[in-house]
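The values are calculated or read from the model by the stated rules, or taken from the named source; none is laboratory data. The structure displayed is predicted, hence computed values, not measured ones. When we count neighbours, we look across all protein chains shown, and the Cβ atoms used for this are built from the backbone with ideal geometry, even at glycine. The protein model used for the area step is the full one, side chains on, heavy atoms only, and it has no ligands, DNA or RNA in it. Shrake-Rupley method; radii C 1.70, N 1.55, O 1.52, S 1.80 Å.
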Amino acid sequence: MKCLLVSVLFSYFFSLSVINAFELPEVTVKYEVLQGSDEEEIEDYLLPSSLRNIASLRLKKIFTDELWYAVLVKYSNKDYYNTKGDYSYINLNNGLSWKISSTMKIGADFLTRYVYFNDLDTNNQPKNYINLGGKFSGTYKILPELSLGTWIKADYNLYTNAEKSKQEYTVNVGVISKQANLLWRLRYKGILRDALGDLSIQSRSFLNYGSISATWKP
């Protein structure tokens, strides 16, 4: 746990040092209130079921038209009215984007999230965890109307209950083609999940997803 806290603090202070080393960044502050609803099938109307509050602060530094850096801090709390499961989380994300040329752009992100649950699980064990992750993405324009986008992501979920800790690796590849008023999207995503640490009892799995869609705008 100490190593995790050190990693989070290092990421935070590194972000501030990068931003403070240059001119003031763009600042975006946002606050949202969202209400969830459940459908009453017999009477056919919606009943309020949950309330979510989200506050975020984003700092973005544009070094040049081709290179920019951003830090996002977000806090979210979700309260269920009639069931258990209330939780809250805080995110700290750092991202660097670089437009190498008119046809290619890459990005790298360091992601941190701490999730806190008000209730215990069915075995009276805490459900809280820290997620540390990294993501590398790239977009390449093959032709004026055809582009390839891909990203690779690694996630490490470290639970207070070490038996639940797991690691996850995701590969996502997509092709976008625009023909007149028709936009095609073809996408594949593969996810490998496995146990993390000697105490983890999570089983290994590999999931595959594929999708194809078409959007027409007159």
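Couple of notes before you dig in:
- With all protein chains in place and a 1.4 Å probe, the accessible surface of the chain carries 59 percent carbon and sulfur.
- Placing pseudo-labels 7 Å out from each Cα toward the beta carbon at I201 and E39 gives an inter-label distance of 3.8 nm.
- Accessible area in the full protein assembly, largest first, 1.4 Å probe, for I176, I90, I212: I212, I90, I176
- Gap separating the Cα centres of the range 137-211 and the range 73-121, nearest whole Å: 16 Å
- Those trypsin sites (Lys or Arg not before Pro) in the range 44-86 that DSSP places in a loop and that have at most 16 other beta carbons within 10 Å: K84
- Annotation for L183 and T83: the two label points, set 7 Å from Cα along the Cα-Cβ direction, are 3.3 nm apart.
- Sites W216 and Y169 - FRET efficiency at Förster radius 30 Å, r taken between beta-carbons, to 0.05: 0.25
- Electrostatic dipole magnitude of the range 66-190 [Cβ: Lys, Arg +1; Asp, Glu -1; Cα centre; debye, to 20]: 420 debye
- Shape of the range 127-180, Cα gyration tensor, a/c cut at 1.5: prolate
- Integer Hz, Karplus 6.51/-1.76/1.60 couplings in order for the range 185-199, x for Gly and Pro: 10, 10, 9, 10, 9, x, 10, 10, 10, 8, 5, 10, x, 5, 8
- Positive dipole terminus of the chain, leading residue within S50, L111, I62 (C-beta point charges): I62
- Computed accessible area, D86, all protein chains, 1.4 angstrom probe, square angstrom: 30 Å²
- Ellipsoid semi-axes for the chain, based on the Cα gyration tensor and the rule √(5λ), read 32, 26, 22 Å when sorted largest first.
- Dividing the C-alpha radius of gyration of the range 106-203 by 2.2 N^0.38 Å, with N its residue count, gives 1.47.
- Accessible area of the chain divided out per residue, in Å², using a probe of 1.4 angstrom: 67 Å²
- Gain upon complete extension [R52, F136; 0.36 nm per residue less C-alpha separation]: 27.3 nm
- Dividing the summed -39500 (n - 2.57) terms of all DSSP H runs of n ≥ 4 by the residue count of the chain sets its mean residue ellipticity at 222 nm at -3000 deg cm²/dmol.
- Here the range 67-143 is treated as a Stokes sphere of Kirkwood radius computed over C-alpha pairs; at 20 °C and 1.002 mPa s its diffusion coefficient rounds to 141 µm²/s.
- Student exercise, the chain dipole from Lys, Arg, Asp, Glu Cβ charges, in Debye to nearest 20: 980 debye
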